[in-house]
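Notes to accompany the following structure.
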Amino acid sequence: QELALISRQSEVNRHTANRSQLEARLQRNRARLAEAKLALERSQVVAPFDGVVASVPVAVGDRVQIANVLLSLYPLDQLEVRARIPANYQAEIQTALAAGETLAAQAQMGSHRVSLVLDRLAGEADPSGIDGLFRVINGAGRLRLGNLLKLNLRRPLQQGLVPIPFQAIYGNNRIYLLKEGRMQGLDVDAVGQYFPTDAPPALLIRNPRIQAGDQIIRTHLPNAVTGLKVKVVNS
């Protein structure tokens, strides 16, 4: 009985130490649980915006560390299109942007049309021209990084322009008017192209000598010269 009493007393004496040990183990396990919960939360990556995933350089089960790239994505509502603006139009475009004009543009993705607006010009230029940065207004859902587009920019409003078929121009700057049954040559400035919605594309020209009612010969003749007598068969 005395031995039993000594054994029980020894257990009572060790109670405080055992309790402290168990409490320390409990705190350690709680810390491990909190760490596991934090790791689980950090394993779920949520993008701060809606976008398109461009690449995923890791696979399921890979161990990653801080600063490892998990994926690359970009927002559709912030896409830009970079296009080259020829040098001879640079001053005109810069003046329009400085005046606060909105210069719209259109691009085609198959049968889908993309609407854009010129936002700004690049900080560097060269003899061939300067890059324009266009903001996508409508149709960004079809675009992807690296797409090549044919873009048509609507230039600032100009007066005194005449649209003519491309067949009517000789060289780069000469047309022929029909005057009293004969061809009369006239040098013009080719300003740009016109894309109507209900007609084929046309060339925009300028010359103050062109008057309302003038007939421009659109049939391309190999021996065209001023004074050549012609007969109209389709006006």
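Over the range 1-140, with the other protein chains present, what is the accessible area per residue in square angstrom, probe 1.4 angstrom?
On the way: 10750 Å² over 140 residues.
Result: 77 Å² of accessible area for each residue.
Residues in the range 63-72 carry Karplus couplings, in order, of 8, 10, 10, 4, 6, 5, 7, 8, 7, 10 Hz; the curve used is 6.51 cos²θ - 1.76 cosθ + 1.60 with θ = phi - 60°, and Gly or Pro positions show x.
Helix 87-98 axis versus longest C-alpha principal axis of the chain: approximately 70°, rounded to the nearest ten.
How much accessible area per residue does the range 144-229 have, counting only protein heavy atoms and a probe of 1.4 Å, in square angstrom?
Numbers: 5960 Å² over 86 residues.
Roughly 69 Å² per residue, with all protein chains present.
Could you list log10 I(q)/I(0) for the range 172-235 at q = 0.15 Å⁻¹, which the Debye formula gives when each Cα is one point scatterer? Here log10 of I(q) over I(0) equals -0.52.
Can you give the relative contact order of the range 142-214 as a percent, counting alpha carbon pairs under 8 Å and 6+ residues apart? Show your work: numbers first, answer last.
Details: 79 pairs, mean separation 21.3, N = 73.
Once normalised by length, the contact order is 29 percent.
P(r) for the range 1-105, from all Cα pairs and a bin width of 10 Å, is 10, 18, 14, 14, 13, 10, 7, 5, 4, 3, 2, 0 %, short bins first. Computed from backbone phi with θ = phi - 60° and the Karplus coefficients 6.51, -1.76 and 1.60, the 3J(HN,Hα) list for the range 145-161 is 4, x, 4, 9, 10, 9, 10, 10, 9, 7, 6, x, 4, 10, 9, x, 9 Hz; x is used for glycine and proline. The value for the range 105-155 of Rg(Cα) / (2.2 N^0.38 Å) is 1.21. Within the range 53-99, the ratio Rg/Rh, alpha carbon atoms throughout and Rh by Kirkwood, equals 1.35. Note on K37: no lysines have a C-alpha under 16 Å away, same-chain residues under 8 apart excluded.
Pick out, in residue order, every one of the trypsin sites (Lys or Arg not before Pro) in the range 186-235 that is DSSP loop and has at most 11 other C-beta atoms within 10 Å; say none if there are none. Display every interim value, and only then the final one.
On the way: sites: R206, R209, R218, K229, K231; in loops: R209, R218, K231.
Sparse-neighbourhood loop trypsin sites (Lys or Arg not before Pro): R209, K231.
Volume per residue for the range 50-159 equals 158 cubic angstrom (convex hull of Cα atoms).
At 1.4 Å probe size, with the rest of the protein present, what percent of the exposed accessible area of the chain is carbon and sulfur atoms? Carbon plus sulfur share of accessible area: 52 percent.
Dividing the convex hull volume of the alpha carbon atoms of the chain by its residue count gives 229 Å³ per residue. Straight-line reach from K229: which aspartates and glutamates fall under 17 Å, measuring Cα to Cα and dropping same-chain residues less than 8 apart? Within the straight-line limit of under 17 Å, K229 reaches these aspartates and glutamates: E180, D214. Model label sites at T102 and D62, defined 7 Å from Cα along the beta-carbon direction, differ in position by 4.4 nm.
The values are calculated or read from the model by the stated rules, or taken from the named source; none is laboratory data. For clarity, every value in this text was computed on a predicted model and none was experimentally measured. FYI the Cβ positions are ideal-geometry reconstructions off the backbone, even for glycines, and counts take in every protein chain you see. Quick note on the areas: whole protein, heavy atoms, side chains included, nothing else; ligands and nucleic acids left out. Shrake-Rupley method; radii C 1.70, N 1.55, O 1.52, S 1.80 Å.
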